[in-house]
Amino acid sequence: STRDVNAYYADFLNLVFIGIGISQTPFYHLKYPASIKFSGIGNIIGHEMAHGFDSYCYQYNYDGKKLNWWTEASLRNFKERYRCLESQYNKYIFHGVLTNGTLTSGDNIADNVGTRISYHAYLNSYGKLDGDKKSIPGVNLTNKQLYVLKCTKTWCTGKDDASKVRRMKTDVHAYEEFRVIGTLQNMPEFSEVYKCRLGSNMNPLKKCVVW
């Protein structure tokens, strides 16, 4: 239903669907600063667009037909890049349970690519006007910092630990904490605005970038 709080990519149509149910708070509101709009609903749109080039949907062409449209070199490079992500997410541990970076690779790609797409879309539009100003009274954060903060709040959940562990065995999405950590560890843009020291946990020397 278009009223569902949902968004998805249909590989067989090569189309992104964004329901009206998700196009409202906390993802979008007319009065939100542009940085939060792009980080909220913009990130969702970027995520779904990126699914068209994830570790499964890459097999489908622009017309939604399953066939190889890649050159040999492009496909090899693409697989090397997303296997970097698989390796990264395979190392995360929650309550003694290792995450499955292969199971979640499609959405890990979409998280990483979608976040950077929407961030640069913001910078290339409203970001040029906003600069480093602080758009919310009483909140001592620049718009760039607000963008990142909104990304992290998107994945805040109130689920109990047992539920999270069960989902880690079957869900194609990484556990929410690792969706945040994994994406931001790969974003030099995040480390720049929050001044993370190179080589620290959130700004590792090795970063995985698919697109």
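Below is a table of values for the structure above.
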{"item": "Matching residues, segment 62-115, being in a helix (DSSP H, G or I) and among the basic types (K, R)", "result": "R76, K79, R81, R83"}
{"item": "Selection within segment 1-39 - β-branched (V, I, T) and free of Cβ contacts under 8 Å to residues at least 24 places away in the same chain", "result": "T2, V5, I20, I22, T25"}
{"item": "Residue selected from segment 93-103 under the condition touching a helix residue (DSSP H, G or I) at 6+ places or on another chain (Cβ under 6 Å) and open to solvent by less than 30 Å² (accessible area, probe 1.4 Å), by the criterion nearest to N43 (Cα to Cα)", "result": "G101"}
{"item": "Candidate set from segment 80-114 (those that are at negative phi and free of Cβ contacts under 8 Å to residues at least 12 places away in the same chain); member that is nearest to the chain's Cα centre (by Cα)", "result": "R83"}
{"item": "Condition check for N43: surrounded by fewer than 20 Cβ atoms within 10 Å (Cβ to Cβ) and within 24 Å of L85 (Cβ to Cβ)", "result": "no"}
{"item": "Pair list, Cβ < 7 Å and 6+ apart or interchain, from segment 174-202 residues that are closer than 22 Å to D132 by Cα and in a helix (DSSP H, G or I) to residues that are modelled with pLDDT of 95 or more and hydroxyl-bearing (S, T, Y)", "result": "E189/Y119"}
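The values are calculated or read from the model by the stated rules, or taken from the named source; none is laboratory data. Given the structure is predicted, the values throughout are model-derived calculations rather than measurements. Because the Cβ atoms are built from the backbone with ideal geometry, glycine has one as well, and the counts that use them run over all protein chains shown. Areas reflect the complete protein model, heavy atoms only, side chains present, ligands, DNA and RNA absent. Shrake-Rupley method; radii C 1.70, N 1.55, O 1.52, S 1.80 Å.
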